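A quick write-up on the structure given underneath.
Laboratory data are not the source of any read-out in this text; all were calculated from the coordinates shown. In this text, all values refer to a predicted model and were calculated from it rather than measured experimentally. Cβ placement follows ideal geometry from the backbone for every residue including glycine, while neighbour counts extend to all protein chains displayed.
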Amino acid sequence: MLPGTTSGAHAHFTSITPSLSCIASEQTYSGTHTFARAPRVKAAKAGDFAVLGVPLDIATSNRPGARLGPDAVRAASAQLAELKAYPGGFDPMSYVNVVDLGDAWLDYGFPQTIPAAIEEAAHSVVSAGAFLCALGGDHFISYPLLKAHAREHGQLALIHFDAHTDTWTPRIGKDGSVELNHGTMFAQAIDDGLIDPSRSSQIGIRTWVDDPKGMNIFDNMLVAEMGAPAIAEAVKELAGNSPCYLTVDIDCLDPAFAPGTGTPVTGGLMPRELFTMLRKLDGLNIVGCDVVEVAPAYDHGGVTALAAATVVYEQVCRVARRNGAKAASYPVPQVGKHGAN
Ligand SMILES: [Mn+2]
């Protein structure tokens with residue numbers, strides 16, 4: 001019998017609220033957009049998992065459109081609020097106080113003010129003791145986000161899923177400012193001492209950079225060769241107990257799975273590989289994260305936004321496990337007990 005029905009020969013529907021699983025109180029296809037139906041708040045507090053949109057796409061080298069990424073990811077996340085987590089079988093939102101801060105306000109008329117605006121918006125969250133998860137936006141946003149996190153935690157290990165290393169040589173302006181370029185900011189972050197390349201990993205890479213600047217590159221062929229679980233173990237060993245910043249460029253996935261992005265590169269990760277690796281990062285001291293480069297105009301059926309929303313949801317689940325959520329699993333089917341027939 002469905003919830004909300006009455007028994008008997010003439011069972012009829014009554015009002016069905018909340019939804020079937022009783023996790024979200026709005027239906028998957030309607031309602032306002034916040035991440036996974038989390039409450040919209042103006043400020044984060046200690047212990048919150050705070051989602052912040054960073055709608056920037058003027059640092060992109062190819063197709064723009066990632067400024068519309070945060071809203072697409074929020075819309076796609078609605079269906080993740082319907083059921084318990086898979087795998088695990090728990091409601092992560094009951095173990096983690098997820099809040100949605102809306103989007104950072106960035107002045108497109110004065111682009112030189114944008115890096116500091118992002119850094120301050122992020123630092124207000126991090127310094128309050130909340131865990132920040134930023135929704136891009138193009139990948140340049142990771143540079144001011146790293147600055148905000150390094151102010152609280154010191155030098156970070158970068159855990160970086162991407163088709164691109166984003167360590168091409170940055171140009172520095174006459175006033176010392178760093179160019180807004182989504183392909184150079186990790187080279188600058190290394191030069192600034194924000195990240196320790198020897199502790200950092202780049203996974204899924206399938207573009208060439210002459211100088212990897214000491215980063216550990218697990219390129220796409222190595223993922224295929226070693227397998228996702230072994231890669232995750234290697235990444236954890238390299239990072240050790242460093243504070244880690246996780247950044248997921250959705251173009252780490254093959255364009256077949258994530259067409260809605262500005263600079264797709266073919267021959268990429270499968271979602272199954274990405275999520276296997278992400279789920280095996282438990283135990284790392286991840287202090288912040290972002291998911292970037294979702295450009296809905298090039299998406300098909302919302303698959304890219306859904307993959308990005310699921311990356312964020314996986315981070316909520318990881319924090320939930322750290323907060324005591326016990327992950328269940330389906331029993332392994334006992335094949336053969338009915339005999340050869
Ligand atoms: Mn990329």
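Cross-link partners among aspartates and glutamates for K213, C-alpha distance below 14 Å, same-chain residues fewer than 8 apart left out?
D166, D191, D192, D196
Stick to Cα atoms and the Kirkwood definition of Rh, then tell me Rg/Rh for region 35-322.
With Rh from the inverse mean 1/r over Cα pairs, Rg/Rh is 0.92.
So if R0 is 25 Å, what FRET efficiency would R63 and T276 give, r being the distance between their Cβ atoms, rounded to the nearest 0.05?
E between R63 and T276, to the nearest 0.05, is 0.30.
Given the options E26, E225, E120, state which has the largest fluctuation in a GNM of the chain using a 10 Å cut-off (strictly under) for Cα springs.
Looking only at E26, E225, E120, the largest GNM fluctuation is found for E225.
When DSSP assigns beta bridges and you keep just the ones with both residues in the chain, what percent turn out antiparallel, to the nearest 5?
Roughly 10 percent of the DSSP beta bridges within the chain come out antiparallel.
Would you please report the Å³ per residue occupied by the convex hull of the alpha carbon atoms in region 234-304?
Hull volume over Cα atoms, normalised by residue count, gives 95 Å³.
Assuming R0 = 35 Å, can you tell me the calculated FRET efficiency for the pair A230 and H338, based on Cβ-Cβ distance, to the nearest 0.05?
0.45
Starting from the eigenvalues of the Cα gyration tensor, five times each then square-rooted, give me the equivalent ellipsoid semi-axes of region 134-211, largest first, whole Å.
Working through the eigenvalues yields semi-axes of 17, 16, 13 Å.
Which log10 I(q)/I(0) values does region 38-118 give at q = 0.15 Å⁻¹ under the Debye formula, counting every alpha carbon as one identical point scatterer?
-0.69
Given a Förster radius of 51 Å and the C-beta distance between K326 and D175 as r, what FRET efficiency does 1/(1 + (r/R0)^6) yield to the nearest 0.05?
Efficiency computed from Cβ-Cβ geometry: 0.45.
Region 162-228: which trypsin sites (Lys or Arg not before Pro) are DSSP loop and have at most 15 other beta-carbon atoms within 10 angstrom?
Loop-located and lightly packed - R171, K174.
Which distance in nm do the two modelled labels at T32 and S94 give, with both placed 7 Å along the Cα-to-Cβ direction?
Result for the modelled spin labels: 2.6 nm.
With a 10 Å Cβ neighbour count serving as the proxy for reagent exposure, in which order, fewest first, do M93, M226, M215 appear?
M226, M93, M215
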